[in-house]
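See below for the structure under consideration.
Only the coordinates and a few stated rules stand behind these numbers; no lab work does. No experiment lies behind these values; they were computed from the predicted model shown.
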Amino acid sequence: MRTPSKGRILPKISTMPRQQTEAAAVLDIYKLAIEKKRLQQELQEIEQRRLQIISRLTLLEGQVESLEAKAHQMRDSSPTEGSVALPVKRSQPYPTEEFDLLFLDY
């Protein structure tokens, strides 16, 4: 099966040839006008999507800059200015129990 190239938009092809009459020419004009309208609408939708993507990228860049500035500020500030880290108290650093190992073969 041959796939069309991505750079070219192929027209829709009629499966049955028609006689060369004025009515056939008018029908071809109508089909071309419909295809033109469809392609213009598709192009408009793509442009709207492009604008949405640009808007989102701008928002994300602002958020990244804000978070980077916040991270630099937190890195530059001394530990006593921010949150105070409390030591964790444990009754025993590691469990003293030993485990029996059991190996199963399938």
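Here the extension length gained between Leu59 and Gln44 equals 3.1 nm, from 0.36 nm per residue of separation less the Cα-Cα distance. Per residue of the stretch 42-52, what does 6.51 cos²θ - 1.76 cosθ + 1.60 with θ = phi - 60° give for ³J(HN,Hα)? Whole Hz please, x for Gly and Pro, Karplus curve as stated. 3J(HN,Hα) across the stretch 42-52, in whole Hz: 4, 5, 5, 5, 5, 5, 4, 5, 4, 5, 4.
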